[in-house]
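Heads up, the thing below is written out as structure tokens.
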Amino acid sequence: DDVQYKLFPMGNLSEFPDFINSNPGIRGLNVTIPYKQKIVKYLDEVDESARRIGAVNCIKITKFKELIGYNTDVYGFETSLKGFIGRKKLKALVLGNGGSSKAVQYVLEHKGIEHLVVTRNPNSSRQRNLIGHRAGEIVPSSSDGLFDRKRHGLLNLRYGNALLSRYPIIETETV
């Protein structure tokens, strides 16, 4: 098969149904900001993790023209943790409470990893319990964007906007 990856700028999401109907050869799409949450209403099905996160960044178009939404950040972050799960008890620090952070929090909750979310808006309606368990503790950053390192520990694993902590600190690794 001849496969191509193209950019399809969209001025308004209301154009999406016409775009899909006028491009029958498309088999999948990436979705970027600002449409990751708004696209859901146009889909026939949404993967469980994407539904719980509330954001879709990848759409599969089946041979029956069904549109299925996924959040690939979940798979990417979960895969990056495989070498660390089971070695020692992990704790995580998630910086921010935006879209990518939701995927990271979902994986951490799903894996039972205790975590702390540092955000400028700790009481934001965007913070929610993603998978039916107690969500990670939410703390505000100070006006200078810092948090109390002594209270929350040191960090040793960095993935995007997530930082994972193990005690005692042995080395620093970037995924």
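Values quoted throughout were computed directly from the atomic coordinates according to the rules given, and no laboratory measurement underlies them. Being a predicted model, the structure only gives us computed values, none of them experimental. A quick note on method: Cβ atoms are made from the backbone with ideal geometry, for glycine too, and the neighbour counts reach across all protein chains shown.
Measure out, as a whole number of angstrom, how far apart the alpha-carbon centroids of segment 1-37 and segment 61-105 sit.
Their Cα centres are 23 Å away from one another.
Find the lysine pairs in segment 19-94 meeting two conditions, Cα atoms under 21 Å apart and a separation of 8 or more places or different chains, and report how many there are.
8
For the modelled label position 7 Å from the Cα of residue 15 along Cα-to-Cβ, which residues of segment 29-45 have backbone nitrogen atoms closer than 20 Å?
So the set is 29-43.
Relative contact order of segment 25-110, please, whole-number percent, based on alpha carbon pairs below 8 angstrom and at least 6 residues apart.
Details: 102 pairs, mean separation 22.0, N = 86.
Computed over segment 25-110, the figure is 26 percent.
Around residue 37, which amide H atoms from residues at least 5 apart in sequence, or from another chain, sit under 5 Å from its own amide H, with H modelled in the peptide plane?
Counting only residues 5 or more places away or on other chains, the set is 56.
Can you give the relative contact order of segment 60-124 as a percent, counting alpha carbon pairs under 8 Å and 6+ residues apart? Walk me through the numbers on the way to the answer.
Details: 56 pairs, mean separation 20.1, N = 65.
Computed over segment 60-124, the figure is 31 percent.
On a full-extension model of 0.36 nm per residue, what is the gain between residue 37 and residue 2, subtracting their alpha-carbon distance, rounded to one decimal in nm? Write out the running numbers ahead of the final one.
Numbers: separation 35, 0.36 × 35 = 12.60 nm, distance 3.05 nm.
Full-extension gain reported as 9.6 nm.
Can you tell me the order of 13-24, 34-45, 103-114 when each peptide is scored by its average per-residue count of other Cβ atoms within 10 angstrom, highest first?
Details: 13-24: 12.1, 34-45: 15.4, 103-114: 20.7.
Going from most to least packed, we get 103-114, 34-45, 13-24.
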